[in-house]
Amino acid sequence: MAKVKIAVIVGSNRRESINAKLAHALARLGADKAEFEFVPIGDLPLYNQDLEAELPKSVVRFKSQIAAADGLLFVTPEHNRSIPALLKNAIDWGARPYGRNSWNGTPAAITGTSPGAIGAALAQVHLRQILGTLGVLVMGGEAYISFRPGVLDAKGNITDDSTRGFLKAFVDQFATFAGRLSFPQEVAA
């Protein structure tokens, strides 16, 4: 079976983002099951319905990358007990213009990390609610990652065996989930 194509959307555009580092580590862990394409969202203009008549090039590129994916992996921090404005802006662009929702019917998984004890849990719950409203098929289960110094080495590899095993199982489960929903299943006669 062909590898699934996973679009990775990181909810942080900070240069040293721990969520971007986690996303790259996940892509390395899942490279045997899926192809990962990182979808930039920092170049999207602030959503404004006045721009829908002629979509900005960055929005067209963004919506094309989402449409080409078999699944979506959201890796996001938590801002003020919710998702970052950067990510909400991308979600709004993906859902618009009316009748051209790029999210509908696409399988997704959500994770994220923070130095706190429950690793961006509230952001993930809020994101799950938003995506469900837009018709995204969000994989069950939770992946709240508490980010501690030394979890990643200098090359971005996960150093803790337990954490690596958990994340490998998470990304493998998502690749299977996205593959089942994206590829037509053969029916035995």
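The values are calculated or read from the model by the stated rules, or taken from the named source; none is laboratory data. Bear in mind that the values here come from a model prediction, so they are computed numbers and not experimental data. As a convention, Cβ positions derive from the backbone with ideal geometry for all residues, glycine included, and neighbour counts pool all protein chains shown. What goes into the accessible areas is simple: the full protein's heavy atoms, side chains included, and nothing from ligands, DNA or RNA. Shrake-Rupley method; radii C 1.70, N 1.55, O 1.52, S 1.80 Å.
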**Fill in**
Candidate cut points under trypsin sites (Lys or Arg not before Pro) in region 122-169, DSSP loop plus at most 12 other Cβ atoms within 10 Å of their own Cβ, are Lys155
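Determine by what factor the alpha-carbon radius of gyration of the chain differs from 2.2 N^0.38 Å, reporting the quotient. Don't skip to the answer; put the middle values down first.
Working: Rg = 16.4 Å, N = 189, 2.2 N^0.38 = 16.1 Å.
Compactness ratio reported: 1.01.
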**Complete:** Partner lysines whose C-alpha sits under 20 Å from that of Lys63, ignoring same-chain residues fewer than 8 away, are Lys5, Lys88
**Message:** Just to be sure I follow the definition: excluding the sites themselves, where is the longest run in the chain that has none of the GluC sites (Glu not before Pro) in a DSSP loop with at most 10 other Cβ atoms within 10 Å?
**Reply:** 55-185
**Request:** State the percentage of accessible surface on the chain attributable to carbon and sulfur atoms; use a 1.4 Å probe and exclude ligands, DNA and RNA.
**Result:** 54
**Asked** Cα centroid distance between region 48-78 and region 99-116, in Å?
**Response** 12
**Request:** Considering only protein heavy atoms, with the full assembly of protein chains and a 1.4 angstrom probe, order Lys57, Lys88 by accessible area, largest first.
**Result:** Lys57, Lys88
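Hey, what number do you get for the chain at 222 nm if only DSSP H runs of n ≥ 4 count, each worth -39500 (n - 2.57), divided across all residues, to the nearest 500? Write out the running numbers ahead of the final one.
Numbers: 5 runs with 70 residues, N = 189.
So the calculated ellipticity at 222 nm is -12000 deg cm²/dmol.
Where both partners of a DSSP beta bridge lie in the chain, what percent of those bridges are antiparallel, to the nearest 5? Provide the component values of the computation, followed by the final result.
Details: 2 of 21 bridges.
Of all bridge pairs located within the chain, approximately 10 percent are antiparallel.
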**Message:** Between Asp32 and Lys5, what is the label-point separation in nm under the 7 Å Cα-to-beta-carbon projection?
**Reply:** 2.4
**Item:** Estimated FRET transfer efficiency when R0 is 30 angstrom, pair Asn157-Arg61 (beta carbons, to 0.05)
**Value:** 0.50
**Fill in**
Looking only at aspartates and glutamates whose Cα falls under 14 Å of Lys21's and that sit 8 or more positions away or on another chain, we get Asp153
